[in-house]
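What follows draws every value from the coordinates through simple rules; no lab data is involved. Owing to the predicted nature of the structure, the values given are computational and were not obtained by experimental measurement. Note that we place each Cβ from the backbone using ideal geometry, even for glycine, and neighbour counts take in every protein chain shown.
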Amino acid sequence: MSLQNKTDKQLMNLLHNTMTHPDRDRANAAKNAVYEIWSKRNTRFSRGLETRVMPWDGVLSAFGYHVGDSGISSSRKRQSILEHILEAPIPPVKDPAYTREWGKPMSKARKTKLKNALKGLHYGCSQRSDNDQLSYSRAMSHWQSDLEYLERLCG
């Protein structure tokens, strides 16, 4: 099966495999191939021509970014996912308007959107009751750590 025929979820799994693949040249070639396919699909999606949409609530979950007790405990893995979100064309998620909100790869709009998404999640949890905050403390710690990483990475 060629990459063109793979679902966005299968492509996302391939992208995640590139993070740990020992052959960096092969991993980068695979990553770039996935990005090229998503770029084409995103263009079609924006024009209303692509009907396959990833079944996720948003970009963070589509890329497999999850925090907290049942999320990704490794800060390096979470931050690798954030790097992919910054540099990858966004695959079809939710609707074309939502996908366009994320801007172009590595753009100021993309960086701002990603930081604001994490800040919003962190702020939402900080406004919960003390008992809820306790149960979300690991998630809040992950978001804070990842925001600090993005600040160092993006300024």
* Structure fact -> On the formula 1/(1 + (r/R0)^6), with r taken between the Cβ atoms of Arg24 and Leu49 and R0 of 35 Å, the FRET efficiency rounded to 0.05 is 0.50
* So how tilted is helix 24-46 from the main axis of the chain? Cα-based, degrees 0 to 90, rounded to 10. -> 90
* Scan around Val67 for amide H atoms under 5 Å from its own, H built in the peptide plane at 1.01 Å from N, and keep only partners 5 or more places away or cross-chain. => Ile72
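Rank the residues Ser61, Ser80, Ser70 as a footprinting-exposure proxy: fewest other Cβ atoms within 10 Å of their Cβ go first.
Ser70, Ser61, Ser80
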* Asked: Which of the aspartates and glutamates could a cross-linker bridge to Lys94, judged by Cα under 18 Å and excluding same-chain residues fewer than eight apart?
  -> Asp8, Glu50, Asp57
* Before anything else, pin down the relative contact order of the chain: Cα pairs under 8 Å, at least 6 apart, normalised by residue count, whole percent. => 21
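Roughly what % of Cα-Cα distances in segment 78-118 sit above 14 Å, to the whole percent?
Taking all Cα-Cα pairs of segment 78-118, the fraction more than 14 Å apart is 42 percent.
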* Structure fact -> Filtered hits (aspartates and glutamates, Cα-Cα < 12 Å from Lys108, offset >= 8 within chain) -> Glu87
* Could you list, in their original order, any pairs among Lys6/Lys77; Lys31/Lys119; Lys6/Lys40; Lys9/Lys115; Lys40/Lys115 whose Cα atoms are separated by more than 22 Å? => Lys6/Lys77; Lys31/Lys119; Lys9/Lys115; Lys40/Lys115
* To do: With runs of 4+ DSSP H residues as the only contributors, calculate the mean residue ellipticity of the chain at 222 nm using -39,500 (n - 2.57) per run, divided by the residue total and rounded to the nearest 500.
  => -20000 deg cm²/dmol
* Compactness ratio of the chain: Cα Rg over 2.2 N^0.38 Å, N = residue count? -> 1.07
